[in-house]
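Worksheet: the structure to be examined is printed underneath.
The values are calculated or read from the model by the stated rules, or taken from the named source; none is laboratory data. Here the structure is a predicted model, which means the values were calculated and not measured. Glycine gets a Cβ as well: all are built from the backbone with ideal geometry, and neighbour counts include every protein chain shown. What goes into the accessible areas is simple: the full protein's heavy atoms, side chains included, and nothing from ligands, DNA or RNA. Shrake-Rupley method; radii C 1.70, N 1.55, O 1.52, S 1.80 Å.
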Amino acid sequence: MFFFLKVGFMEIKKLLNNWYRDNSRDLPWRSNKNPYPIWLSEIILQQTQVVQGLPYYKKFIENFPTVYDLASANEDKVLKLWQGLGYYSRARNLHFAAKQVVAEYSGHFPKTYKELLKLKGVGDYTASAIASIAYDETVPTIDGNVLRVISRLFDIDIPVDSNNGKKIIKGLMIEIMDVDNPGNFNQAVMELGALVCKPKKTDCDNCPLKEKCLSYERQNFLERPVKTKKIKVKDLYVDYLFLSNSQGVIMQQRNVKTIWKKLFEFPNVTSEVELVKVNHLEELRSNYSKNSSELFFITEMKHKLTHRNLYIRFFKSKIPESYSRITSWDELKRKAVPKPIEVFLRKFREV
Ligand code: SF4
């Protein structure tokens, strides 16, 4: 086949293993083969770089040293610790899966790739990472780093987000895998993608695979991996109403199925078309308290999510001191709130 010409599989394996032995980062979940920290780190690090994810991992391990602690935790606490990481469904699934491990597997993680897939929030990537790292099962782990490294190494010009592309990458990973140490091998490819074979700042001069890499030879590595699908991003307009007094603030829990499910936020009006007037907020304000002060604009911000551009405006009104259906300032510290609300409270709570 076209990519077998230059590349010797045995040699690749050896070069990667040696490089990983000398260059892998010393990360807390790598100190042993306990599946709990491995699982925790893999869920936290999905779509998050190690430098951002590490403090979250430490917080979770500190608060929930075992899967039993996580399973018996209050969901609000789990979401609060996750706050700022985004993709809150992952935190809810993490909590659910911990309960599954305790209830259905007597606190012991399933030991095979196939069985691990039964845990909520555990897909192909996470199951293969846990199965190979904790249990030495020979299954390739395919994440964004692996797609990039393999598509460059073998100069794959088929889109990696197509079924065919994924199949080819997986097949190549199986071909070059170190069956004696699959966990290390998977981590070596991912680590190379994270530290050397980066999307734009590709450090080919320090890459152990330089002499083997077809994309390097053809100098087209910045055009790999090829992708077809573009994420459709929708605009969403949100007007938040910050209703507070000296005791606290009016908060509500999101129960919608879309973003930030179960997080706490201010009463709001959300629309797919731009919000210009504020009549809707006036109505909302008087629904909560007819005696609240006049509404005034405080600030606006744009917040980007993978599938959404949020255009957020914040308005404030003082509610009477006698108003009792509020979340106290102290209680608020324990509630998970969306990032824009966190930023707003930090800067404007006292306004
Ligand atoms: S030589 Fe460059 S493009 Fe090829 S695998 Fe190494 S870092 Fe990536």
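Details
- Look at (1) of a type outside the set (Gly, Ala, Ser); (2) within 15 Å of the chain's Cα centre (by Cα); (3) modelled with pLDDT under 95 and you find that residue 76 fails only one, number (2).
- Meets criteria (more than 9 Å from the ligand (Cβ to nearest atom), loosely packed, with under 12 Cβ neighbours inside 10 Å and either hydroxyl-bearing (Ser, Thr, Tyr) or closer than 28 Å to residue 25 by Cα (or both)) for residue 200: yes
- Of the helices (runs of 4 or more DSSP H) lying entirely inside segment 138-196, those containing at least 1 residues that are open to solvent by 10 Å² or more (accessible area, probe 1.4 Å), in contact with a Lys or Arg (Cβ under 8 Å, 6 or more places away or on another chain) and polar (S, T, N, Q) are 182-195.
- Test: residue in segment 210-233 that is farther than 21 Å from residue 13 by Cβ, buried (at least 20 other Cβ atoms within 10 Å of the Cβ) and more than 9 Å from the ligand (Cβ to nearest atom): yes
- Residue match in segment 88-103 (condition: assigned to a helix (DSSP H, G or I), under 19 Å from residue 17 (Cα atoms) and in contact with a helix residue (DSSP H, G or I) (Cβ under 8 Å, 6 or more places away or on another chain)): no
- Matching residues, segment 177-197, being touching a Pro at 6+ places or on another chain (Cβ under 9 Å) and away from the ligand (no atom under 12 Å from the Cβ): 177, 182, 185, 186
- Pick from segment 298-327, criterion open to solvent by 100 Å² or more (accessible area, probe 1.4 Å) and not in a loop (DSSP other than H, G, I, E, B), ranking: farthest from residue 247 (Cα to Cα): 304
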